[in-house]
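J.: Got a structure here, written out as C-alpha cells. Questions coming.
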Amino acid sequence: MDEIAALLDEATGGDSPTCSAAVVLVSSGRRIVVSEARGTLARVADERGAPHELATVPTSVDTLFDLASITKLFTAAALLTVLDEQGSGPDLPVAEALAEYRHGDLSTVTAAHLLSHTAGWPAEWTDRRTGPTAWSHFRSALPSDPPGRVHRYSCVGYLWAGLLAENLSGESLDTVVSRTVLEPLGLRDTMFTPGPELRGRIAATEYQRVPDRGLVHGVVHDETAWALGGVTGNAGLFGSASDLLVFADMLRNGGRHEGRQALPAAVVTRMTTDQLAPLGLLPARRPAYGQALGPRIGEAEWMGPFAERGAIGHTGFTGTSLIVEPGGDRSIVFLTNRVHPTRHRSDIRQLRLRVADAVVRLEE
C-alpha cells in the first residue's frame, strides 16, 4: 500500500503533476485491501493558472469523477438487462426497435454489434452539432462499414446503444440505467448531470477553448456527450471510486451483490465473454486483446500483469479505469482527473501500468 500511496503522491504533486486528484481502491475477495486518495479536486481555475476555489479540498474515496467512457459499461449492463427482461438477447436486430436501421446494411446490425464495437460505425461523431436539433442530426449519420466485418472502438455505436435502451424500455437513459444497475447495487453516488449542490465533491476536468467552455467542472467533459445534453450511452456518468468498486465486484461475482443476484447472471456472462474470436475478427489495436459486450479482455497496454489473467475492464479519457478478475480475487478502481487543466500534459498509461504492477506485488 505504501508503494501505491507513493505513486499517487508523485502523480498529484510537483510542478508538473499528472492530475490534481487520484484514488485507488482494490478489493480482494470481500475485503478492501487498498484505499488511497491523494491530491485536491482542482488546481487552477483558468488558463493563466489562477488558483481554483477547490484547490484546498482534499480528494477522498467519495470524490465524484467524470467517468468518461466507463459509462459504456453501465450502458451495456442496462441494455443487456432490458433485453433479458423482455425475453430477448443481444442478437436482437436493432431494426426491430429503431426505424433508422430498417434499410441496407443497417438492417442486419444487432445489439451485440453495437456493444462489441463491430457494428461498422466510425469512432467519433465528427459532424457534431449542438442545440435542439443535435440528436436528429446525429440520427441521420451513416456507418463506415457493414456490421461484423471490422472491430473499431466506436463512441457512435454506444450513442446508438443508449437510444436502443431507451426505445426498448420506454424510459430515458438515465432512468433505465438507474433502475437496472444503480438501484440494484445501491449506487447513490453515480449519476448523469450532477446537480450544483454536488460541485464541492466533483474533481475538475479540462480548461477548454474549443469548444469555448472555460473550466469544465461538474459538466460532462466529453464533447459529444455535452453536445447531446450530457445523458448518452457513450459518456456522461459521474461517480465515486466507492461506487465503482461495488460495480466492479458485481462483475467479478457473476452479478451478485451482498448475497443476492443484483444483475442477471446471463448479463454478466455476456459482459465477460469475448465476441471477436467467434466472428473471426482481430482487435482494433495490438497487442491482441478480447472484446466482450462492453469491457475489454486482457488488454496489456494498460492492465499490465492482469491481462494475462484474463481480466476485463475499461478506461475513460478523463483518466479513469477499472480492472476486474471475473470469478477471481481482485477488483481495481483507479480514478484521476488527468485532463485537468489540459489533456496535452500527461500520459496516464504508464501510471496505470505502475499501479497494476504495485497491486500484483501486494500478493508477494
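J.: Using a basic spin-label model with each label point 7 Å from the Cα along Cα→Cβ, how many nm lie between ARG128 and SER140?
T.: 2.0 nm
J.: For HIS257, what residues show an amide H to amide H distance below 5 Å, using hydrogens built from the backbone and excluding near sequence neighbours?
T.: Sorted by chain and number, the residues that satisfy this are ALA262.
J.: Taking only Cα atoms and a 10 Å spring cutoff, compute GNM fluctuations for the chain and point out the largest among GLU47, GLU325, GLU197.
T.: GLU197
J.: Using the Karplus equation 6.51 cos²θ - 1.76 cosθ + 1.60 (θ = phi - 60°), what ³J(HN,Hα) coupling, rounded to whole Hz, does each residue of the stretch 300-307 give in order, writing x for Gly and Pro?
T.: Result, rounded to whole Hz: 5, 4, 9, 7, x, x, 6, 4.
J.: If you build the convex hull over the alpha carbons only and average its shadow over all orientations, what do you get for the stretch 62-199? Give it in nm² to one decimal.
T.: The Cα convex hull of the stretch 62-199, projected and averaged over all directions, gives 9.1 nm².
J.: Restricting to Cα pairs below 8 Å that are 6+ residues apart, what does the relative contact order work out to for the chain? Please round to a whole percent.
T.: 23 percent
J.: Just the Kirkwood number for the chain, please: inverse of mean 1/r across all distinct Cα pairs, in Å, one decimal.
T.: 20.5 Å
J.: Moving on to the next point. Normalised radius of gyration for the stretch 195-316, please: alpha carbon Rg relative to 2.2 N^0.38 Å, two decimal places.
T.: Against the compact-globule rule of thumb, the ratio is 1.27.
J.: Same structure, new question: Can you give the FRET efficiency to the nearest 0.05 for GLU363 and SER16, using r as the Cβ-Cβ distance and R₀ = 35 Å?
T.: Approximately 0.60, to the nearest 0.05.
J.: Could you check the simple spin-label distance between SER172 and ALA277, using points 7 Å along Cα→Cβ, in nm with one decimal?
T.: Calculated label separation equals 4.2 nm.
J.: Can you tell me the orientation of helix 71-85 relative to the chain, as the angle in degrees between its alpha-carbon axis and the longest Cα principal axis, to the nearest 10?
T.: 40 degrees
J.: Starting from 0.36 nm per residue, how many nanometres of slack lie between ALA97 and ASP347 once their C-alpha separation is accounted for?
T.: 85.9 nm
J.: Hey, what did the stretch 1-74 get for relative contact order, percent, Cα under 8 Å, at least 6 apart?
T.: Relative contact order here is 23 percent.
J.: Out of residues 5 or more away from SER240 or on other chains, whose amide H comes under 5 Å of its own, with H placed 1.01 Å from N in the peptide plane?
T.: Those qualifying (amide H under 5 Å, at least 5 residues apart or on another chain) are PHE65.
J.: Moving to a separate point now. With r as the distance between the Cβ atoms of LEU198 and ALA266 and R0 = 30 Å, compute the FRET efficiency 1/(1 + (r/R0)^6) and round to 0.05.
T.: 0.30
J.: In what order do VAL57, VAL333, VAL210 fall by count of nearby beta-carbon atoms within 10 Å, going from fewest to most?
T.: Ascending number of Cβ neighbours within 10 Å: VAL210, VAL57, VAL333.
J.: Report, in degrees rounded to the nearest 10, the 0 to 90 angle that the Cα long axis of helix 348-361 makes with the longest principal axis of the chain.
T.: 80 degrees
J.: Sticking with this structure for a sec: How big is the dipole moment of the chain about its Cα centre under a simple scheme where the beta carbon of each Lys and Arg is +1, that of each Asp and Glu is -1, and everything else is neutral? Debye, nearest 20, please.
T.: My answer is approximately 300 debye.
J.: What is the distance in Å between the Cα centres of the stretch 1-77 and the stretch 175-218?
T.: About 15 Å separates the Cα centre of the stretch 1-77 from the one of the stretch 175-218.
J.: Okay, helix-only estimate at 222 nm for the chain: each DSSP H run of n ≥ 4 adds -39500 (n - 2.57), divide by all residues, round to 500 deg cm²/dmol; what do you get?
T.: Rounded to the nearest 500, it is -7500 deg cm²/dmol.
Only the coordinates and a few stated rules stand behind these numbers; no lab work does. These numbers come from a predicted model, not from an experiment. Neighbour counts are summed over all protein chains in view; Cβ atoms, including those assigned to glycine, are modelled from backbone coordinates with ideal geometry.
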